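S.K.: Mind having a look at this structure? Questions to follow.
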Amino acid sequence: MSSKSGQAEPPLNVLITVEDQFCDQIETVARNLKSAGMTVAEVFPLSRVIAGEVATENLGKVRAVEGIASVEEETTFRAV
Amino acid sequence: MARGRSRRSEGNPGQETAASPPPLIPGTLITFRPDAVEAAVARLQDAAGVRNVAFAADFAGGAVDLAQTRQAGMTVFNSLGVAVADLDTDQESAVAAVVTQDGAIATVEPEPVFFAFAGNLPADVVAYLQGYRDAVNHLCDGLVGPLRSDLGAAAADMFQDTNEATWGLIASRALESRSSGRGVRVAVLDTGLDLDHPDFRGRQIVGQSFIPGQQVQDDNGHGTHCIGTACGARSPAKGPRYGIAHEAEIYVGKVLSDQGSSLGRSTLAGIEWAITNGCHIVSMSLGGRVEPGQSFLNAFETPAREAMRRNTLIIAAAGNDSDRSQNIIRPVGSPANCPSIMAVAAVDRGLRPANFSNGSVNADGRVDISGPGVAVYSSAPDPAPTPQPPFFRQWAAQYDTIAGTSMATPHVAGIAALLRQENPSLTAAELWRLLTSRARPLSQPVRDVGAGLVQA
């Protein structure tokens, strides 16, 4: 898609939740996510969540990393 | 971590008077196939870690002594094929999983609480009856139109600010409470606090910014207003009282920028910080819009469950996306739509849903409770903060009156702190149930106001 239009799509901000049984290995999961092409911004061990950016073409590889429960687009929160 | 619930009359002796019996906290009712009770109990002990099992058959004549079984995690009525268990949220999930895997355990449901019908009906019975009436009224209105007398009543504001206190403190009965939130840690995750505000002098305040390059000091106004409602002074420098838990320890987590927004990761960082610091209550007047049919985010439900497990109750604003005057009711926003986060709707001075307040449109994003959220007077930064997008609102210095589910949320958080002080042994899940069971039932759809108006 992006290559055809000639403009790279901006990377997606994502929140990745790690499966319960991988909670003690969240740093390993984060390293594997980096290898899969994700830029890891923050690791939240209590929450079992890893925040970062992924190029859309790498989303499939990121989803395939062992120990991933969900990959969700990170939304912006506002004062309401 | 003592996860067992102190339920029924065991609660907190000395905290209750004869006039106000302790809250009834139901357990979980598990039904077995009568020929497989022993095997099923063994499965529950293995899978869900249910300990201290008492068997009715062990009591003389099968007459269970409830005073003795209060210490038990589960009481099994062998001949009935039924058990009543005290489970925490993790155990509830584990038991639910066993039920789906194993046919020996037939059903799992909340233990019903029964009442003798009398002149003064219990609040939840009243809520049920009012819900029934709402449904009938809704049907009637739809078919034949609202009655004139209803239109007249709907125009009246029941509450006003007085010289003594804001309408929200009066309507929520926070003004009548003798509690102060002393010893309770309340985290408010927002745009920070005006640390120089005269009404917060001498208070125990811990602050942390999760916004790169910005300090805890609030140059938006929103955070100072919310913290004022939840934890503001009993006797402000001037004007009426507007704050509820006036002796609570305040944890100011700046997770929204001075421009009033941020990526979700800042809020996650704030939640982890609040849990790590042992905060009992987290108030989040923030969120993002959710579409009909859209589910909650795992990335917030997971930490919210962990928070509950560690005795931190997270309370969040349902969001302001609706326009009820145009019959537009939008779903509860994110992250308030997470099942383990208490979602707060806003009502006005007539205890009607605020025009902007979101509703239980999605099955998994329900409004749990309501708070005063229209014409809410509270603290504001001094000097007045810079007007910020998207509305570039001009603030008044020191005090201001604004509206939003954001303003309703800290009313609930402040009252949660009062109740936590009165009942220090409560788990976060029990505190949630106490808040909803004490709420004032409203003659409005549960979809819009949940259990009703929060009450101290």
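The values are calculated or read from the model by the stated rules, or taken from the named source; none is laboratory data. Small disclaimer: the values here were computed from a predicted structure and weren't measured. Counting neighbours? That spans all protein chains shown, and the Cβs are built from the backbone with ideal geometry, glycine included.
S.K.: Every residue in the stretch B:42-58 that is surrounded by fewer than 17 Cβ atoms within 10 Å (Cβ to Cβ) and assigned to a loop (DSSP other than H, G, I, E, B), please.
M.R.: B:Gly49, B:Arg51, B:Asn52, listed by residue number.
S.K.: Quick one: B:Asn220 ticks every box in (1) touching a residue at least 12 places away in the same chain (Cβ under 8 Å); (2) more than 17 Å from B:Thr386 (Cβ to Cβ); (3) within 14 Å of chain A (Cβ to nearest Cβ) except a single one, so which number is it?
M.R.: The failed condition is (2).
Per-residue answers, yes or no, for (1) in a helix (DSSP H, G or I); (2) surrounded by 18 or more Cβ atoms within 10 Å (Cβ to Cβ); (3) in contact with an Asp or Glu (Cβ under 6 Å, 6 or more places away or on another chain):
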{"site": "B:Val367", "(1), (2), (3)": "no, yes, no"}
{"site": "B:Ala384", "(1), (2), (3)": "no, no, no"}
{"site": "B:Phe392", "(1), (2), (3)": "no, no, no"}
{"site": "B:Ala397", "(1), (2), (3)": "no, no, yes"}
{"site": "B:Ala408", "(1), (2), (3)": "yes, yes, no"}
{"site": "B:Ile415", "(1), (2), (3)": "yes, yes, no"}
{"site": "B:Glu430", "(1), (2), (3)": "yes, yes, no"}
{"site": "B:Leu434", "(1), (2), (3)": "yes, yes, no"}
{"site": "B:Ala451", "(1), (2), (3)": "no, yes, no"}
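S.K.: Within 25 Å of B:Met308 (Cβ to Cβ) and surrounded by 12 or more Cβ atoms within 10 Å (Cβ to Cβ), is that true of A:Thr28?
M.R.: The answer is no for A:Thr28.
This table checks each residue for (1) among the hydrophobic types (A, V, I, L, M, F, W, C); (2) touching a residue at least 40 places away in the same chain (Cβ under 8 Å).
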| position | (1), (2) |
| --- | --- |
| B:Ser370 | no, yes |
| B:Pro383 | no, no |
| B:Pro389 | no, yes |
| B:Ala396 | yes, no |
| B:Tyr399 | no, yes |
| B:Pro410 | no, yes |
| B:Gln421 | no, yes |
| B:Pro424 | no, yes |
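S.K.: Collect the residues in the stretch B:279-337 that are in a loop (DSSP other than H, G, I, E, B), at the interface with another protein chain (Cβ under 9 Å from one of its Cβ atoms), touching a residue at least 40 places away in the same chain (Cβ under 8 Å) and over 24 Å from A:Val18 (Cβ atoms), keeping them in residue-number order.
M.R.: B:Ser285, B:Arg289, B:Ala318, B:Gly319, B:Asn320, B:Gly333
S.K.: So which residues in the stretch B:234-278 are within 14 Å of chain A (Cβ to nearest Cβ), within 23 Å of the chain's Cα centre (by Cα) and surrounded by fewer than 18 Cβ atoms within 10 Å (Cβ to Cβ), if there are any at all?
M.R.: Once the filter is applied, which keeps residues that are within 14 Å of chain A (Cβ to nearest Cβ), within 23 Å of the chain's Cα centre (by Cα) and surrounded by fewer than 18 Cβ atoms within 10 Å (Cβ to Cβ), the stretch B:234-278 yields B:Thr276, B:Asn277, B:Gly278.
S.K.: Sort through B:Asp382, B:Asp364, B:Asp400 and tell me the only one that's closer than 21 Å to B:Ile314 by Cβ and not aliphatic (A, V, I, L, M).
M.R.: Going through B:Asp382, B:Asp364, B:Asp400 in turn, just one is closer than 21 Å to B:Ile314 by Cβ and not aliphatic (A, V, I, L, M): B:Asp364.
S.K.: Determine whether the stretch A:49-67 contains at least one residue that is within 11 Å of chain B (Cβ to nearest Cβ), surrounded by 16 or more Cβ atoms within 10 Å (Cβ to Cβ) and either in contact (Cβ under 8 Å) with a residue 60 or more places away in the chain or more than 30 Å from B:Asp321 (Cβ to Cβ) (or both).
M.R.: There is no residue in the stretch A:49-67 that is within 11 Å of chain B (Cβ to nearest Cβ), surrounded by 16 or more Cβ atoms within 10 Å (Cβ to Cβ) and either in contact (Cβ under 8 Å) with a residue 60 or more places away in the chain or more than 30 Å from B:Asp321 (Cβ to Cβ) (or both).
S.K.: Output the number of residues of the stretch B:226-248 satisfying the condition of being in contact with a Ser or Thr (Cβ under 8 Å, 6 or more places away or on another chain) and part of a helix (DSSP H, G or I).
M.R.: Summing the residues that are in contact with a Ser or Thr (Cβ under 8 Å, 6 or more places away or on another chain) and part of a helix (DSSP H, G or I) in the stretch B:226-248 gives 5.
S.K.: Is there any pair linking a residue in the stretch A:8-19 that is within 13 Å of another protein chain (Cβ to nearest Cβ) to one that is of a type in the set (Ser, Thr, Tyr) and surrounded by 14 or more Cβ atoms within 10 Å (Cβ to Cβ), with Cβ under 6 Å and at least six apart or on different chains, and which?
M.R.: What qualifies is A:Thr17/A:Ser70; A:Thr17/B:Thr302.
S.K.: Got a number for residues in the stretch B:184-211 being part of a loop (DSSP other than H, G, I, E, B) and more than 25 Å from the chain's Cα centre (by Cα)?
M.R.: 7
Conditions tested, residue by residue: (1) of a type in the set (Asp, Glu); (2) at pLDDT below 95; (3) in the same structural domain as B:Trp273 (by TED's automatic domain parsing); (4) closer than 18 Å to B:Thr401 by Cβ.
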{"residue": "B:Ser149", "(1), (2), (3), (4)": "no, yes, no, no"}
{"residue": "B:Asn163", "(1), (2), (3), (4)": "no, no, yes, yes"}
{"residue": "B:Arg185", "(1), (2), (3), (4)": "no, no, yes, no"}
{"residue": "B:Asp190", "(1), (2), (3), (4)": "yes, no, yes, yes"}
{"residue": "B:Gly213", "(1), (2), (3), (4)": "no, no, yes, no"}
